[in-house]
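Step one of this worksheet: look at the structure below.
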Amino acid sequence: MRVADVVAVLETIAPPSLAAEWDNVGLLIGDATARIRKLMLCIDLTDAVLDEAIAARADMVMAYHPVIFKPLPRLTAAAAPIAYRAARAGLAVYSMHTAIDAAPGGFNDVLAGILGLTAIRPIEQTVRKGQCKIVTFAPASDLSRVAEAAFGAGAGRIGNYFDCAFFAHGIGLFCGGEGTRPAIGQAMRHEATEEMRLEVFAPRRCAGEVASAIRAAHSYEEPVVEIYALEDIPGGCGLGRVGRLPRPASVAALVARIKKATGLRQLWISPATDASKPSPVKIAACAAGACGSLFRGALSAGATFLLTGELRHHEALEAARSGMTVVCLGHSNSERIALPDLQSRIRSLLPRLPVTVSRSDRDPLRIV
């Protein structure tokens, strides 16, 4: 098995197209063709986790937080110590980050399961902007050749389907100027001919290559190639989750449920201003990581309780005034709780690959 095989599975679980535009997900360090015998999962690739991975002879680490987040001007032991050590050790490092936050069955759905939510939906729906639609017009005799060229350049993929296209019939009108050599008709004479409209989807990063391939395969001297930027809202994908509790519960009961599920003895809580006369919670929300600001979207969806990783001071004041109780696990604690679920999912898809969860990985903050 090679690193690329593991990457394919990770991207099936959490497609990189679901990640936030500012994020840096995917294979960040390593050789996709290298062999892999063991995969380790963690939230933060620290020195301790790196030592553990090397000692355990892991060939690859899925570090949820990107070990390379901003562009590195240099890869040295001083400028990027963790990335440098991982590269020297021959360790492949992959990050899932906001892609698995947004994906169905991802980290936010694990938190929703802790609360026992039903009728779950994202607080903020993911809007993907990485796709475009490419349109051209060609005579029927060119259609197969032009379509194959577009597919070969990266167009025509929709999920797990490939070579996807749409064709429509119409009439094209044109008149070639002096010096032109039209494939149909003659220069300086109006021509009307039957044409097929070809539409394909493609990643925006491939648009130039697809357009060039279409032009090269086309019989027309000046083929029309139109490119339209698209936005896609995939169902069930987005930041945070909001849903209904099977039966109304008190804040105290929810806190006890969270402590039992996470094994944490202490939590941060920002109670609603009217907590002295609390009403049972009927609709609750959750959002892993630094997503306290999502309380506004949760509130709009009818929630009065939010489970998250961390909350800023002024957001806590605003949430309390709005009648929202917020419970914080600590940033990475709200994410680490989902690693065993991810481990199980990877094992089911790659049963021959040993997959472990790091024991050295822990939240950097402590309550004393």
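For CYS175, state whether it is hydrophobic (A, V, I, L, M, F, W, C), under 25 Å from the mean Cα position of the chain (by Cα) and surrounded by fewer than 17 Cβ atoms within 10 Å (Cβ to Cβ). The answer is no for CYS175.
Scan the range 19-45 for residues that are of a type outside the set (Asp, Glu), more than 20 Å from ALA58 (Cβ to Cβ) and surrounded by fewer than 23 Cβ atoms within 10 Å (Cβ to Cβ) and the total you get is 3.
Applying the criterion of being more than 17 Å from GLY297 (Cβ to Cβ) and among the charged types (D, E, K, R) to the residues of the range 312-336, the residue that is nearest to the chain's Cα centre (by Cα) is GLU335. Condition (residue is over 25 Å from LEU317 (Cβ atoms) and out of contact with any helix residue (DSSP H, G or I) (no Cβ under 8 Å at 6 or more places or on another chain)) applied to the range 260-271: is it met by at least one residue? Yes: one or more hits.
Does the range 322-332 hold any residues that are surrounded by fewer than 21 Cβ atoms within 10 Å (Cβ to Cβ) and farther than 16 Å from SER279 by Cβ, and which are they?
Here is the first cut: in the range 322-332, the ones surrounded by fewer than 21 Cβ atoms within 10 Å (Cβ to Cβ) are 322-323, 328.
Hit for the range 322-332 is CYS328, nothing else.
Determine which member of the set LEU365, LEU353 is modelled with pLDDT under 95 and over 25 Å from GLY238 (Cα atoms).
LEU365
Pairs linking a residue in the range 2-27 that is within 16 Å of ARG128 (Cα to Cα) and outside the structural domain of ARG204 (by TED's automatic domain parsing) to a residue that is modelled with pLDDT under 95 and of a type in the set (Ser, Thr, Tyr), with Cβ atoms under 7 Å and 6 or more positions apart or on different chains, are LEU18/THR126.
The values are calculated or read from the model by the stated rules, or taken from the named source; none is laboratory data. As the structure is a prediction and not an experimental result, all values here were calculated from the model. Cβ: placed from backbone, ideal geometry, glycine included. Neighbour counts: every protein chain shown.
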